[in-house]
Structures are given as structure tokens and as C-alpha cells.
1. When the Karplus curve 6.51 cos²θ - 1.76 cosθ + 1.60 is applied with θ = phi - 60°, which whole-Hz ³J(HN,Hα) does each residue of segment 246-260 get, with x for Gly and Pro?
2. Taking the Cβ of ALA646 as the centre, find all other residues whose Cβ is under 12 Å away and add up their charges (Lys, Arg: +1; Asp, Glu: -1).
3. For every other residue with a beta carbon closer than 14 angstrom to the beta carbon of PHE612, add +1 if it is Lys or Arg and -1 if Asp or Glu, then tell me the sum.
4. Out of the GluC sites (Glu not before Pro) in segment 526-609, which ones are loop residues according to DSSP with at most 16 other C-beta atoms within 10 Å?
5. Please give the charge dipole size of the chain, origin at the Cα centre, charges +1 on K and R Cβ atoms and -1 on D and E Cβ atoms. Round to the nearest 20 debye.
6. Tell me the chymotrypsin sites (Phe, Trp or Tyr not before Pro) within segment 558-596 that lie in a loop according to DSSP and have at most 11 other beta-carbon atoms within 10 Å.
7. With the crude spin-label approximation of a point 7 Å out along Cα→Cβ, what separation in nm comes out for GLU217 versus ASP524?
8. Give me the percent relative contact order of segment 480-547, please, defined on Cα pairs under 8 angstrom at least 6 residues apart.
Amino acid sequence: MLPALQSPLGAPGAFALPDVRPPALHPQRLDGCAFIGVAPRGPARVPVVDAAWPPGWRQVGDVTRPLQRSVPVAVRSFDEYRHQFGGFEGPGLLPHAVASYFEQGGRIAWIVRVVAAAPTTFDTDCAHGVVPAGALQAPLEFVARNAGQWGNALQVQLAFDTETVGFETDALGRLLMPLRSAVAVGSTLRLTDALGLQTLALCSGLERVRDDQRAREQWRLRLDPPPPNPPVAAEIVTLRLDVHDGAGHRETHARLGLAADHPRSLASVLCEESALLWPARAGAADTLRPGSPRVELLRSQSGPFEQGVDHYEALRADDFFDADWSAASEEPGSGLAVIACTDGVTQLVLPDLYVPAAWAGAAVVPEQVLGTAGPEFSQCVAIDTVPPAEQAAPSDLTGLILDPRTDGGLADIVALQLRVLDFCEQTRNHIALLDVPPGLSQARIERWRARFDSPWLAAYHPWLIGTRRQDQSAGETVSRARQLPPSAVAAGIIAKRELARGIHYGPANEVAAQVLHLAEPQPDGRVDALHPMGVNGFVREAQGIVLVGARTLSRETCWRQLSVRRLMLMIERALLAQMQWAVFEPQGAALERDLRRAIESLLRGLFRAGAFAGRSESESFFVRVLNEPARRDRGELVVEIGVAPAEPLEFILVRLRRGGDGTLRLDD
């Protein structure tokens, strides 16, 4: 139950017994958000590594090995996101959503790249490249780490390094080396004899032998092929691999072994450490052989990588989900379901769940005028006008385009969002932030709202126009101003408010950073009508675009505030994560006392922070331990916890009173 502390006893005498710190619970962070969407690159279809499927080069060598289609990756800045998933060059809204999240004040996000579920091999749609024979006796093939056209820009360079090692020989001329030697099974050695002749040999085995004369043990090397003459010098030959992707990302892998069974074989290191390359399946188990013993002079560079394709048109809404997953599954699912096994995620945002048909066309950059008329009034100077540049063709995500302005399109969008709700209801650990479909009238928004009733959902309206994002792949003059899903901005505001003030404060009344306009003109009174329905709105005010709501889509009064749902979720998570020590503890008064103290320590801290509505602790929360004889006989102990969360203040009423003398006075 509690860690035993040993008294610092020395010579006989009286000593102070160390204080035993009672158990305590601490609040959990709930600011983490998961973004599930479409990116031009990023981990996907990764071979599974577990107790049944070993790591190393066999990740690509096992044909029957299962693949993890979706991989959650934690990023703590947009620079980290860009490094892993690329920039704004793709057709999806994922990078725009993540960028806005960090601009609002978010600290950590989990990114899940959505790819088509149909392919079953790790190298499907990945770029392939070959280093021709030269430095090596045979060509060597590589595969881009994940699918996409980005891999066609990869370049690989090979070179060799050598390291001199000491050795002795036995009576039969076999090499002996110290146990601490860097030579391992699979090492390639360059041996030089007394005549200066150099040969290459592979260490195919190490035998531990004892030197009786010096009372020590050494390795005796088995070489393939054996050297023709007794060597006078020995060097370990290792491979160095330099990779860059043409977008500023580089990797260098040094001290690589040339045989598959080497602890740092080329194929194993790429599988375990590289973010840019896989070894090709066909050559992963091969032993690489240098083109000549003069390895210092050998260099090779890959030709152009090819076959990397994006296949955005193959994506379907079903790829965001996993039909075979359920809350009882022990293995992580795919798409959205992979988040169920990801610690630290609370909010969910799916910016590419569908593409509104009205916004599936090209985004155009307005004219930019370059030049000046000079410091004084004089003859006008020539003005160079940069013509409008089309950022992108109509959306390549043809399988995700839906028109919410039609009955069928709106029904399809609602069905997808209900699948997101079903996931949240199963886990009861995540809150999905939904976007009200754009282009709807007031009546159709009310029809959309009527389909949802859950404290695990929050809805935001309208869509927004953010600052232009630079597309580095298309040159410095090209930028895009995309319609931004409001849920992404709200996720950042939620994180900012929690980190700055606390989880019990309503995540609203914040100016949206780097947001320029509302994507749709809003009629007067639209936000006033939507707020009672639980739809959180962005409005234009003097200081900018402001989020003015923080409600859930629950029709139950006790769950209508998003801060209340998040506060209760935080308490549940803290209890589950930090009360495991109580399992298998002996029953008795000591255990009941420690349980009560631990739980009350958490609730007392929340009360002092203002998270509860009561004026005293007794009015704010209670902790009751139920331990009747029947429960004790079953090995049960039940703790009842009750709290009274404080709801954020939404309205302040001001009364204007006219006095008898004709003066006006404001009464709060």
C-alpha cells in the first residue's frame, strides 16, 4: 500500500522515524488533441513489431507479417509536424488544422495519417530507388518509408569507412581478438598480408577460447573466405549511408554492417531508425559485398526514385474508421480507432472527414502588385503585376466530396459524424469536436443538430478563413487561403484555456489567432439562435474573430457545459491511472483511510481552485467508502464519490433604471 521507509539507525539510541507521505492524487492534463486526416507523407502501413513478430530486417522480409495501417505520432510544434507529414502541398485540410491548433496555443497533438485500407503490403504506392553496382558488386534497392509522391525526390549515397583493430594469430594462423573488440558476427574485415595484398573476408562466427599462458579469454574468428596469407593488419569495413528527401530532411547512418546477421546491418538499421527509407524486401537478407578492397575510393549514388504516388482519389470515408474494431479489442485498430490505445488524447478533430462540395475547387491567390511610385510626385514608374496563381486544381479527394446543401449529402455527413460519436460512446474517454456543415440555412442547421444528443460531442460554426499558408513545394510566391474547419481552432483554444487558467474554466471568449474572416456571411441573430441548441459560434467583434460558446451537444442540463464534461473526465482518468496501488491491498481500516485521503486530496485541490459550486467542501463533494460484510467476503470495496461542478457564467444581466429625477442608473 505505502512504501516502507527504513529508519536511519546507527549506534543504539533514539531516532526520529521518517514521515510516511500519505497517498495523493494529482490532476491529469486533458489538453491533448488528435487530428485524423490526409497528409502527403507520414507513417502508414507499418509492419507490426511485437512478441510474435521480431524487429530488425525481418520487418520487411516476412511476407505474412501484419501491417498497422494507422500510426499515431505525437508532435509538439508545427515544425515537428512538417518534418513528419509534410507541409501544405496536399489537398487535405490536416496541415491547416494542425497549424491553427498550435497558433491558438496548443502544446501537443497526435497526428494520424489516413490512407486507403485496400493495399496489404508496406511498399504499396511507395517510391523505389536503386543504387547501381559500383561501390557494391550488385545493385541495391531502397523503398521510401511511406506512400506518396514525396518519395520520388529521395536521393541516397553510399560510402565506406574503415577502423583498424588489433589481433593475434594462433598456431594455425587463425585470428584471435580481445573480447571487447568491435568485431561481431557479420563484420566485414579487410586483411593485409606482408606483401601488401588486401583481401576482404566476412566474420561468419566467433568462438570463445582460453589463453592459458595469460589467463584470459579471446575470440577466435571464423572467416569466409579464409585469408590466402597470414595477415599483418586488419580493419573493419563499415558502410555509411546518406539520405535526403529534397525538402531539407537528411539522415546519416554510419558504422553499418554488410551482412544481415550483423547487429547493425544496413537493413536492420533502416527498419529501426530511419524515417525516410525501408530496405527493399528482395535484398533485406542479402550480404553486401564491396566492389573492391580499396573501399576508400568507392562511392555510389542512387538514380531517381520512381513509382511514388499519392492516390488521393482512392480515399473513401470508410478509411477513417475500422469496421472490425470494438471497445473490447485488445489490439489497436485503424483510422480513428487507433486513438483508443493512445494515452494523452482527449479531443478529436477530423478535418478531412468530408470535403464540402462548394469548397472543392481551386484556391486562387489575388493579384500582388510589386513596385512603387517613388518618394516624390513625379512621372509614374513602371509597375510589375504578378498574375494570379492557381494553388491547386479542384480537390483530388474526389471520394470524400459531399454536398451538405442537398438532402442526400447532409444525410451522408451526419452518418459519418454519428460513426465518430459511436467511437466516443464506446471509449467514453474522448470528446469529438464537430464542424457544422457549411452552406446550411438556419432550418437545416436545426435539422442537423437534432440528430445528436451526447456530452461527448461539441459543435462549432461557421467555418473560418485563416492566414495564407506557404506551400514550399510550389515556390515562394504561392500561398493558399483555405476554408478552415472551426473545430481545429476550437481545439487550440481549449488547450490554451486549460493550460492558462484550469480545466474548469469554459474554453470560450477567446480571440482566434491568425484567423482573418468568417468563411460564410452570418445573418443577424444566427449565433443567438444556435447557442441555446448547444452549437458554439465564432463571431466578428472589434478585437477579431471570437469564440463565444463552450457547450456540448447533450440535451441533459447537467452535461451541457463542455468544461463540466472535461472536468469529470479528468477526475475519472486520475482515479483510474493513480489508484492502481490499491489493488490486492489487505482490507481494513488503514486501506479505507488511505483511499479516502487520496481521493479527498484531489477533490480538495479542485475545490480550492474554484472547480466546484459549493461554498464549502461539504457542499462541493463527498467520499464514502462502502465495505459491508457481504462485499468484504467477495473481496470488494466500493468508494462513492459525488461532486458538484461549477458551471461557467454565460450571461450577465444589467438593469437600466430611470429615477424620478430623470436620471438613468445601471443596476448589476
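Please treat every number below as a calculation from the coordinates, not as lab data. Just so it is clear, the structure is predicted and the values come from calculations on it, not from any experiment. Note: ideal-geometry Cβ built from the backbone for every residue, glycine included; neighbour counts use all protein chains shown.
1. x, 10, x, 9, 10, 9, 10, 10, 10, 6, 8, x, 9, 10, 5
2. -1
3. Here the count lands on -1.
4. GLU556
5. With only Lys, Arg, Asp and Glu charged at Cβ, the dipole is about 1380 debye.
6. Those that pass, being in a loop and sparsely packed, are PHE584.
7. For the pair GLU217/ASP524, the computed spacing is 9.1 nm.
8. Taking the mean separation of contacting Cα pairs over the length of segment 480-547, I get 30 percent.
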